[in-house]
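The values are calculated or read from the model by the stated rules, or taken from the named source; none is laboratory data. Worth saying up front: this structure is predicted, and the values here are computed from it rather than measured. Every residue, glycine as well, gets a Cβ built from its backbone with ideal geometry; the counts of neighbours run over all protein chains shown. We work out accessible area using only protein heavy atoms, side chains counted, and drop any ligands, DNA or RNA first. Shrake-Rupley method; radii C 1.70, N 1.55, O 1.52, S 1.80 Å.
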Amino acid sequence: MYQGDYDIETVFSDDPLETAMEWQSLGAPRVHIVDLDGAIAGVPVNLEVINSLAAGMLIPTQLGGGIRDIRTVEQLLKAGIERVILGTAAVEDPTLVKEACRKYQESIIVGIDTREGMITVRGWQQETELSGIEFAKSMAALGVRRFLCTDVGRTGTLSEPNFSGIAELIEAVKLPVIASGGISTLTHLKMLKQLGAEAAIIGKALYTGDISLKQALAAVE
C-alpha cells in the first residue's frame, strides 16, 4: 500500500508462502507478515495463510494486524509465529500489553505507527492525539522490550526513512527499535544501523528490485 492507503495497492504475488520461501532461500533472517485485512477487521482474517507461513518457514516469523486480545496472541504463538505485534490493541487496551509482556516477554512487539509524529490505529485509518514518543515511553513502563517504528506517510513510497523520528525514539526508550517505512537504498540501511536501530523491515524495495537482499545483508554485517 502507498502511504497506508488501501485504495492504492500493488499485488506482487498471489502466493505468500512461495514468496516467503524464496526470501528464506536468499538468506532472509526473518519474515515480517502483516494481515492488512485483519488490521481493518480487528481480528486476524488470513489465518490459513498465516498458519501455512508459521508451519512452513524455517526462519523466525513475526506478525501484525488485527491482534486485539490475549487469546489471539496465544493462538498465534502456538501456531509457530515467533513474535506478535500489538498496535491498535496497545493504544486501546494497555492492560493487554502488560499481561502479554508478563507472559510472553520477548515475543511481544509494540508498533509505533505514526503520521507526523502522532499515533495512528485501526489499519492506519484513524488518527489519534497521542505522541509516538510519549506513547512508547508508557509502553516501556508496562514491560515492552521491543518496538517497531513505522512512519505511515513513507510506507510504499521508496523515499527514505524518517531518520530523525527513529533516532528520537531510540534515544527515548533505550530499547531495541525496528525501523520501517521508506527504506529503498543500501545507504538507508547503513544509516539506520549507525543510528542504533536493531533491525530494518524492507518491503516494496525488495519486490521492485531497488534493493537486493543479498547486498542488503552484506551492507549491515
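DSSP beta bridges fully contained in the chain are about 20 percent antiparallel. Taking a ≥ b ≥ c as the square roots of the eigenvalues of the Cα gyration tensor, the range 1-109 is oblate, since a/c reaches 1.5 or more and a/b is not larger than b/c.
With a cut-off of 10 Å between beta carbons, the residues surrounding Ile183 carry a summed charge of 0, where Lys and Arg count +1 and Asp and Glu -1. With contacts defined as alpha carbon pairs under 8 Å and 6 or more residues apart, what's the relative contact order of the chain in percent? Across the chain, relative contact order equals 15 percent. The string of couplings for the range 149-164 from the Karplus curve (6.51, -1.76, 1.60, θ = phi - 60°) is 9, 10, 8, 4, x, 10, 5, x, 9, 6, 8, 6, x, 7, 4, 5 Hz, one whole number per residue in order, with x for Gly and Pro. Here the range 83-125 exposes an accessible surface that is 45 percent carbon and sulfur, computed with a 1.4 Å probe and the other protein chains kept in place. Over all other residues within a Cβ to Cβ distance under 12 Å of Ala140, the charged ones net out to +4, with Lys and Arg as +1 and Asp and Glu as -1. Per-residue ellipticity at 222 nm computed for the chain from its helices equals -12000 deg cm²/dmol, with DSSP H segments shorter than 4 residues left out and the rest contributing -39,500 (n - 2.57).
Of the trypsin sites (Lys or Arg not before Pro) found in the range 94-195, those that fall in a DSSP loop while having at most 11 other beta-carbon atoms within 10 Å are Lys174. Solvent-accessible surface of the chain, averaged per residue with a 1.4 angstrom probe and all protein chains in place: 50 square angstrom. Plugging the Kirkwood radius over Cα pairs into Stokes-Einstein for the range 119-205, at a temperature of 4 °C and a viscosity of 1.567 mPa s, what D comes out in µm²/s? Approximately 98 µm²/s, per Stokes-Einstein. Summing charges over neighbours of Gln62, with a neighbour being any other residue whose Cβ is under 13 Å away from its Cβ, gives -1 when K and R count +1 and D and E count -1. Using the Cα gyration tensor of the chain, with a ≥ b ≥ c the square roots of its eigenvalues, what is the shape: rounded (a/c below 1.5), prolate (a/b larger than b/c) or oblate (neither)? Cα axes put the chain in the rounded bin.
Computed over the chain with a Gaussian network model linking Cα atoms closer than 10 Å, the most mobile of Ser13, Ser180, Ser138 is Ser13.
Computed 3J(HN,Hα) for the range 29-40, one whole-Hz value per residue from the Karplus formula 6.51 cos²θ - 1.76 cosθ + 1.60 where θ = phi - 60°, is x, 6, 10, 9, 10, 10, 8, 5, 5, x, 4, 7, glycine and proline marked x. Of the chymotrypsin sites (Phe, Trp or Tyr not before Pro) found in the range 1-98, those that fall in a DSSP loop while having at most 15 other beta-carbon atoms within 10 Å are Tyr6, Phe12.
Note on the range 105-151: antiparallel DSSP beta bridges, both residues inside, total approximately 50 percent of the bridges counted. Identify, among Gly153, Thr95, Ile170, the residue whose Cα sits farthest towards the positive end of the charge dipole of the range 95-173, taking +1 on the Cβ of Lys and Arg and -1 on the Cβ of Asp and Glu, with the dipole about the Cα centre. Value: Thr95.
Computed across the range 36-166, the Kirkwood radius stands at 15.0 Å (inverse of mean 1/r, all Cα pairs).
Restricting the range 5-35 to GluC sites (Glu not before Pro) that sit in a DSSP loop and have at most 15 other Cβ atoms within 10 Å of their own Cβ leaves Glu9.
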